[in-house]
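Down below is the structure, laid out as structure tokens.
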Amino acid sequence: MYNKIFAPKILTNRLLIRLVEFNDFYDYFLMCSDIDVCRYLTFNPYDNDRQAQIAINNMLNAYMNGTDTNFTIILKETNQIIGSISLTFHKENNSAEIGYILNKNFWHNGYMDEALKAIIKTSFEYYHLDFIIANYIDENVSSAKLLDKNGFVIYDHLNKAFMKNHIAYNITKTILTKR
Ligand SMILES: CC(C)(COP(=O)(O)OP(=O)(O)OC[C@H]1O[C@@H](n2cnc3c(N)ncnc32)[C@H](O)[C@@H]1OP(=O)(O)O)[C@@H](O)C(=O)NCCC(=O)NCCS
């Protein structure tokens, strides 16, 4: 178990980014029941909102244990939940792995770019991490572009390293080091 650092509330131009709450589950269900959103994620689309409740309970347990912090991304103007961004901490080398999901209705607006920039800043200035990693399936072009735009560099490429629904995918691993 790690020493937990409390999740900050982060404000950007258009977004409020705060710790996930149990009551967010229906919006997580809507987001994660979409086949396009889940195409390159580790899990298949949710069939029912109970799956989102279980997922959020797991996120909150991981937060209590200090291993992960899952943030919910909210559009300030309308108070709508539009996505999620997470840090999984690797205490042994003072780093974290980042993950993110945006509801499809909100793609192509630069929201994840805004959220990612804020979490990168928080990772280095609040959590004092030395580096952040992010992995993606090669076909996930929008995720690759997002990371490249934010300074992540490729340090490894693994052939057929991830299996989903009997298909093997290549994984690209990227890193962003504190400047
Ligand atoms: C990854 C994700 C958060 C990006 O969402 P977004 O902020 O709306 O980003 P966009 O869709 O605008 O795409 C980002 C960039 O990729 C480009 N892009 C998107 N789809 C593309 C495609 N099929 N081919 C080429 N470029 C593409 C966009 O033009 C944009 O580049 P630009 O800023 O230079 O114009 C969103 O697609 C998502 O939630 N996907 C599902 C979950 C997921 O895969 N998470 C990441 C796991 S590693």
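Do you know which residues across the range 129-168 are hydroxyl-bearing (S, T, Y) and within 26 Å of T67 (Cβ to Cβ)?
Y136, S143, Y155
This table checks each residue for (1) within 13 Å of the ligand (Cβ to nearest atom); (2) not in a strand (DSSP E or B).
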| site | (1), (2) |
| --- | --- |
| Y46 | no, yes |
| M59 | no, yes |
| N135 | yes, no |
| K145 | yes, yes |
Within the range 61-81, track down each residue that is part of a strand (DSSP E or B) and either touching a residue at least 60 places away in the same chain (Cβ under 8 Å) or in contact with a Lys or Arg (Cβ under 8 Å, 6 or more places away or on another chain) (or both). T69, F71, T72, I74, L75
When every residue in the range 66-89 that is crowded, with 16+ Cβ neighbours inside 10 Å and of a type outside the set (A, V, I, L, M, F, W, C) is compared, the one nearest to I10 (Cα to Cα) is T72
Residues that are in contact (Cβ under 8 Å) with a residue 60 or more places away in the chain and surrounded by 18 or more Cβ atoms within 10 Å (Cβ to Cβ): does the range 150-173 have at least one? no
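Step by step: first the residues of the range 104-119, then only those that are in contact (Cβ under 8 Å) with a residue 40 or more places away in the chain and within 12 Å of the chain's Cα centre (by Cα), then the one that is farthest from the ligand (Cβ to nearest atom). Which residue is that?
Quick first cut of the range 104-119, residues in contact (Cβ under 8 Å) with a residue 40 or more places away in the chain only: 104, 111, 114-115, 117-119.
Checking which are within 12 Å of the chain's Cα centre (by Cα) leaves us with 115, 119.
Values: A115: 8, I119: 12 Å.
Among them, the one singled out is I119.
How many residues does the range 93-103 contain that are of a type in the set (S, T, Y) and either near the ligand (Cβ under 9 Å from one of its atoms) or in contact with a helix residue (DSSP H, G or I) (Cβ under 6 Å, 6 or more places away or on another chain) (or both)?
Of the residues in the range 93-103, 1 are of a type in the set (S, T, Y) and either near the ligand (Cβ under 9 Å from one of its atoms) or in contact with a helix residue (DSSP H, G or I) (Cβ under 6 Å, 6 or more places away or on another chain) (or both).
All of the numbers you see were taken from the coordinates with simple rules; none came from a lab. Just so it is clear, the model here is predicted, and its values are computed rather than measured. Glycine gets a Cβ as well: all are built from the backbone with ideal geometry, and neighbour counts include every protein chain shown.
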